[in-house]
1. Non-local amide H neighbours of F28 (under 5 Å, H modeled in plane, Pro and chain starts lacking H): which ones?
2. Calculated from DSSP H runs of 4 or more alone, at -39500 (n - 2.57) each and per residue, what is the 222 nm mean residue ellipticity of the chain, nearest 500?
3. Can you work out ³J(HN,Hα) from phi for every residue in the range 16-21, in order, using Karplus 6.51 cos²θ - 1.76 cosθ + 1.60 and θ = phi - 60°, giving whole Hz and x for Gly and Pro?
4. How high is the FRET efficiency between E92 and V5 when r is their beta carbon distance and R₀ equals 30 Å, given to the nearest 0.05?
5. Leaving out ligands and nucleic acids, and using a 1.4 Å probe, what accessible area per residue does the chain come to in Å²?
6. How long is the gain from K23 to R57 if the chain were fully straight, where each residue apart is worth 0.36 nm and the alpha carbon distance is subtracted?
7. Report ³J(HN,Hα) in whole Hz for each residue of the range 43-49, in order, from the Karplus equation J = 6.51 cos²θ - 1.76 cosθ + 1.60 where θ = phi - 60°; Gly and Pro get x.
8. Please tell me the relative contact order of the range 35-97 in percent, rounded to the nearest whole number, where contacts are Cα pairs under 8 Å and at least six residues apart.
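The values are calculated or read from the model by the stated rules, or taken from the named source; none is laboratory data. Every value quoted in this text rests on a predicted model; they were computed, and no experiment measured them. Note that each Cβ is placed from the backbone with ideal geometry, even for glycine, and that neighbours are counted across all protein chains shown. Please note that ligands, DNA and RNA were not included when accessible areas were found on the heavy atoms of the full protein model with its side chains. Shrake-Rupley method; radii C 1.70, N 1.55, O 1.52, S 1.80 Å.
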Amino acid sequence: MVDLVVNFDTLHQLYRAYMPFIKPAGLFVTTSESHYLGQPLTIAYRLPGATTTNEFRGVVVWINPLGASGGRPVGIGIKIVSEPDSHKHHIEKLLSRELASGDLTCTM
């Protein structure tokens, strides 16, 4: 059963959501639903330009509450637990040029 579905329509959206400081990989999901640290979730996501959806099991490791500093969106950061290297590879391949950017993300 999928708990949350995320569609990344642009590389910029994916860049803002990717959490490379979470090892081995993590994604930020904008949501107003209530979650707690350590909560297990199943996430389905679609990468920019893709027609298929990917799915992973993860754990909540970050929470942006309403009114987070820097105008960051409300949501949660999820550490990818199932097949993290595969998800990380696909995401970083798409973001290869953006990863060195100094643009703000949803978390830091």
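1. Those lying under 5 Å, H to H, from F28 are Y18, M19, I78.
2. Rounded to the nearest 500, it is -4500 deg cm²/dmol.
3. Karplus values, whole Hz, x for Gly and Pro: 5, 8, 6, 10, x, 7.
4. Values: r = 22 Å, r/R0 = 0.73.
Between E92 and V5 the formula returns 0.85.
5. Details: 6090 Å² over 108 residues.
Computed with neighbouring chains in place, this is 56 Å² per residue.
6. Details: separation 34, 0.36 × 34 = 12.24 nm, distance 1.45 nm.
Gain in length upon complete extension: 10.8 nm.
7. Those phi angles translate into 10, 10, 9, 10, 7, x, x Hz.
8. Values: 84 pairs, mean separation 17.1, N = 63.
Rounded, it is 27 percent for the range 35-97.
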